[in-house]
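Asks: Sharing a structure with you now.
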Amino acid sequence: MSTQITGTLVWYYAICPREAWLMAHELEPERNFDLLAEGRLNQEAHYKRATKELSLPGMRLDGVRREGDRLIVSEVKKSSRFLPATRLQLGYYLWRLDKEGMEAAGEILIPKERKREVVELTPELKGQVEGIMEEIEALVAQPAPPPTVKIPFCKNCAYAEFCWS
């Protein structure tokens, strides 16, 4: 199976490979899941005028703006609970933009916590992104999802019914 790797898929993979496999195979999470809707509202409520959302193939950037000659890409999250996964997601976006010849920096915005973290595409982050992309390609090629593994994030997961029912 050939799947387009997206920033969201990178984020899911960093949290739970099973969740990433389900998403890559177009098994939709619970559409009425409250936390998904809350995340969309969070971004709209806090940043509707400050930045512009932009969709490109494989990328849905929560915010894009210019600071001088530099492009700043924003990712808005509800909490800092998933910061490592969000860094990889934003790293993927920066890696893609870099491949297109666009120099950009990133920022993770967490309005409820009043946090902002700057993310740069360092050689280390670039290597992590390229490695995770290879891992995702191998995962998606598998005929079945990885076995279920109980992790702290399962409690609030939109895919819980696929794993625990």
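Asks: Look through the range 109-165, keep the residues that are touching a Leu at 6+ places or on another chain (Cβ under 8 Å) and among the basic types (Lys, Arg), and return whichever of them is surrounded by the fewest Cβ atoms within 10 Å (Cβ to Cβ).
Replies: So, considering only residues that are touching a Leu at 6+ places or on another chain (Cβ under 8 Å) and among the basic types (Lys, Arg), the one surrounded by the fewest Cβ atoms within 10 Å (Cβ to Cβ) is ARG116.
Asks: How many of the residues making up the range 91-108 are within 16 Å of GLY7 (Cα to Cα) and not in a helix (DSSP H, G or I)?
Replies: 6
Asks: When the residues of the range 75-96 are filtered to those that are over 14 Å from GLY127 (Cα atoms) and modelled with pLDDT of 95 or more, which remaining residue is surrounded by the most Cβ atoms within 10 Å (Cβ to Cβ)?
Replies: Of everything passing the filter in the range 75-96, THR86 is surrounded by the most Cβ atoms within 10 Å (Cβ to Cβ).
Asks: Can we say VAL118 is farther than 21 Å from GLN4 by Cα, assigned to a strand (DSSP E or B) and either touching a residue at least 24 places away in the same chain (Cβ under 8 Å) or not basic (Lys, Arg) (or both)?
Replies: Against the criterion (farther than 21 Å from GLN4 by Cα, assigned to a strand (DSSP E or B) and either touching a residue at least 24 places away in the same chain (Cβ under 8 Å) or not basic (Lys, Arg) (or both)), VAL118 qualifies.
The values are calculated or read from the model by the stated rules, or taken from the named source; none is laboratory data. Note that this is a predicted model, so its numbers are computed, not measured. Don't worry about glycine lacking a Cβ; one is built from the backbone with ideal geometry, like all the others, and counts go over all protein chains shown.
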